[in-house]
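In what follows, a single structure is set out as structure tokens and then discussed.
The values are calculated or read from the model by the stated rules, or taken from the named source; none is laboratory data. Please read all numbers here as calculations on a predicted model, not as lab measurements. Cβ sites come from the backbone with ideal geometry, for glycine too, and all protein chains shown count toward neighbours.
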Amino acid sequence: MKIVHGYPPNLAAINRALPIDERYALFTYGNTLYNPSGKYIPEHLMVHEETHERQQSAFEGGPDQWWKRYLTNASFRLDQELQAFRAQYAFAKREIADRKQLSRLAHVLASKLSSPIYGSIISLRQALRRITSNRMTPSRARHHSPKPSSRLPRSP
Ligand SMILES: [Zn+2]
């Protein structure tokens, strides 16, 4: 991932949608990570941003359309952020042996996800539970029932 000491191309749209203090935030746009403050980026935070990089490259229309959806659709934003925060926490869990330190990080991440920065899309308690849970979210665990056999393509 390329890291740029500056602002993303869609900063104005971000500022219209969310109360982010752009001086201290990080922004992933495509394969570029914008770091306006030039602050140190811990590895687990890189894992978070790399998740957004993958989401954007897989999204139809690429980073441009991903960001439009992210800024206008709260449930999409929550879904994408939960993936990123869960990956971040799972990485930190492997790296941090001290349970108290890990628990503090979990609370920091949950506070952030439940804050107005993301549009207050989840409660602190729910954020903590969903970031740290090993289980897949119900919406992903379901929808895997096999198709009826009548739907199978006919053999020639
Ligand atoms: Zn994020």
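Before we move on, is I3 in a strand (DSSP E or B) and either buried (at least 17 other Cβ atoms within 10 Å of the Cβ) or touching a residue at least 24 places away in the same chain (Cβ under 8 Å) (or both)?
When the stated conditions are applied, I3 passes them.
Return the residues of segment 84-127 that are among the charged types (D, E, K, R), under 21 Å from M46 (Cβ atoms) and surrounded by fewer than 18 Cβ atoms within 10 Å (Cβ to Cβ); say none if nothing qualifies.
K93, R94, E95, D98, R104, K112
Applying the selection to segment 10-59, what residues are within 14 Å of E81 (Cα to Cα) and in contact with a Pro (Cβ under 7 Å, 6 or more places away or on another chain)?
Correct list: F27, Q56.
Out of A74, A25, A58, I need the residue that is surrounded by 14 or more Cβ atoms within 10 Å (Cβ to Cβ) and either at pLDDT 95 or above or touching a strand residue (DSSP E or B) at 6+ places or on another chain (Cβ under 8 Å) (or both). Which one?
Being surrounded by 14 or more Cβ atoms within 10 Å (Cβ to Cβ) and either at pLDDT 95 or above or touching a strand residue (DSSP E or B) at 6+ places or on another chain (Cβ under 8 Å) (or both) holds for just one of A74, A25, A58, which is A74.
Which residues, taken from segment 31-44, are part of a helix (DSSP H, G or I) and surrounded by 18 or more Cβ atoms within 10 Å (Cβ to Cβ)?
Scanning segment 31-44 gives a single hit, H44.
When you go through P8, P63 one by one, which is the residue that is modelled with pLDDT of 95 or more and assigned to a loop (DSSP other than H, G, I, E, B)?
Being modelled with pLDDT of 95 or more and assigned to a loop (DSSP other than H, G, I, E, B) holds for just one of P8, P63, which is P8.
Give me a count of the residues in segment 42-63 that are under 19 Å from A25 (Cβ atoms), more than 13 Å from the ligand (Cβ to nearest atom) and either of a type in the set (S, T, Y) or in contact (Cβ under 8 Å) with a residue 24 or more places away in the chain (or both).
Final tally of qualifying residues: 2.
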